[in-house]
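> Pasting a structure below so you can have a look.
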Amino acid sequence: MATVKPFLCIRPRVDVVDRVAALPYDVYNRKEAEQEVMREPLSFLRVDRAETEFSEDVDTYDPRVYIKAKELLQKMISDGIYIKEAKEYYYVYELIMEGRSQTGLVACASIDDYLNNTIKKHENTREDKEIDRINHVDICNTQTGPIFLAYRAHKMITEIVSEVKKEKPIYSFTAVDGIEHNIWIVSEEDRLAGIRTSFAETDSIYIADGHHRAASAVKVGLRRRKENPGYTGKEDFNYFLSVLFPHDQLMIMPYNRTVRDLNGYSIKEFVSKIGCCFDIEKIGKEPFAPICKASFGMYLEGCWYCLTSKEKIRLEKDPVAELDVSLLQDYLLKPVLGIDDPRTDKRIDFIGGIRGLKELERRVAEDMKVAFSMYPTSIEELFMVSDAGKLMPPKSTWFEPKLRSGIFLHSL
């Protein structure tokens, strides 16, 4: 039974929403963030990455950065860039990328559901990244970036969302990256009740993207509970801002890999080593992306190859070991290239599928030796790993399009 509630939203004025809406804070490095806020001074990235207001000698995690974020947010509200709703609502949020639509519900999920594993995880989090968002949320007293959640499609929710989408949206804009964003308000009492009841019938919800933001929001909530021992559970700090998508609307892109060297092997030795577990087919100059599970593209010395996992390594009956990212890690990256821990090894880098295969070729030409194109992890695989209480290897999924920050704010 999941608790997914409407909330008092703070949102931008209609005439500035396209300028305020920003990609998630963690898709930019510091230089890129500085360039983006210079391009668009109203971008919410100024709040999410307030170090852009300081010279480079001020550390990204300096306490002054979070204080500045709070100042910038309060100024945007006081200047009238943001408006505050008078009542709690859900919102329907549609994103359209290259003609493909996916529609979710903007709401608040329960930190208790996170703690009791009704909201399931599939990734470990890093303490340093958690601390950053804990400080940002706690000092700003506001959740600014929604967590990307998934659930198995529910008939009533689908019907309500479809009806709402027949009405006029409160926002409709195309961002500079070409992604269309349409947003409707859900204010009718019967619809609000229908959505809430439907989620109460849902056994599991899954974090698709935003594990660090979710963990940070929960830890801020627990901190507030400790500071307020008489809390009732209804306070806003008991919930975190989310967008929930039905599983049948989500698209996962591959998360490709590049490696800096061949671990001391010559090309001939390397190819011989990987031939133990993979059948190797030379493709040529044409970029190659695998079209089925257990196969991989490999780019080496200006040539593409297809690697197909041999039957002997495909006999695992474990939801994690069966993943393509696990097959590549367990039978090639670790035993042949010596990548024991992809989380910490500086010789490996990960390239989101949105960047395409040409980016793999570019990296091999510039600073890497070999690249691997992946078949994307499916949403069902993500569910199976989460349901088993297991964790995926790092960089297993790349979701597109990205949710925007700054459209929906949830004050604590």
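> Which is assigned to a helix (DSSP H, G or I), out of contact with any helix residue (DSSP H, G or I) (no Cβ under 9 Å at 6 or more places or on another chain) and assigned by TED's automatic domain parsing to the domain that holds Tyr231, of Lys129, Lys70, Lys87, Lys75?
Lys75
> Identify, from the list Ile139, Ile160, the residue that is touching a strand residue (DSSP E or B) at 6+ places or on another chain (Cβ under 9 Å) and among the β-branched types (Val, Ile, Thr).
Ile160
> Which number in (1) under 30 Å from Ser386 (Cα atoms); (2) at pLDDT 95 or above marks the one condition that Met253 misses?
(2)
> Sticking with this structure for a sec: Which of the residues spanning region 12-38 are among the polar types (S, T, N, Q) and farther than 29 Å from Asp57 by Cβ?
Hits for region 12-38: nothing passes.
> So, in region 306-325, exactly how many residues are surrounded by fewer than 20 Cβ atoms within 10 Å (Cβ to Cβ) and outside any loop (DSSP other than H, G, I, E, B)?
6
> Identify all residues within region 209-242 that are aromatic (Phe, Trp, Tyr) and within 12 Å of Ala109 (Cβ to Cβ); write none if there are none.
Within region 209-242, Tyr239, Phe240 meet the criteria.
> What about Cys303, is it surrounded by fewer than 20 Cβ atoms within 10 Å (Cβ to Cβ), among the hydrophobic types (A, V, I, L, M, F, W, C), at pLDDT 95 or above and closer than 23 Å to Glu400 by Cβ?
So Cys303 does not fit the description; no.
> I would also like to ask the following. Report, by residue number, each residue of region 163-179 that is in contact (Cβ under 8 Å) with a residue 12 or more places away in the chain, closer than 27 Å to Ile195 by Cα and outside any loop (DSSP other than H, G, I, E, B).
Glu163, Val164, Tyr171, Phe173
> Every residue in region 227-277 that is among the hydrophobic types (A, V, I, L, M, F, W, C), touching a residue at least 60 places away in the same chain (Cβ under 8 Å) and assigned to a helix (DSSP H, G or I), please.
Phe237, Phe270, Ile274
> Let me ask something else about it. Quick check on this structure: which one of Phe372, Phe399 is over 30 Å from Asp48 (Cα atoms) and surrounded by 17 or more Cβ atoms within 10 Å (Cβ to Cβ)?
It is Phe372.
> Within region 100-126, track down each residue that is in contact with a Phe, Trp or Tyr (Cβ under 9 Å, 6 or more places away or on another chain), of a type outside the set (Lys, Arg) and either assigned to a helix (DSSP H, G or I) or modelled with pLDDT of 95 or more (or both).
If the condition is that a residue be in contact with a Phe, Trp or Tyr (Cβ under 9 Å, 6 or more places away or on another chain), of a type outside the set (Lys, Arg) and either assigned to a helix (DSSP H, G or I) or modelled with pLDDT of 95 or more (or both), then Gln102, Thr103, Gly104, Leu105, Val106, Ala107, Cys108, Ala109, Ser110, Ile111, Tyr114, Ile119 are the ones that fit.
> Could you check region 1-53 for helices (runs of 4 or more DSSP H) lying wholly inside it with 2 or more residues that are assigned by TED's automatic domain parsing to the domain that holds Tyr114 and within 26 Å of Ser110 (Cβ to Cβ)?
45-48
The values are calculated or read from the model by the stated rules, or taken from the named source; none is laboratory data. No experiment lies behind these values; they were computed from the predicted model shown. Glycine gets a Cβ as well: all are built from the backbone with ideal geometry, and neighbour counts include every protein chain shown.
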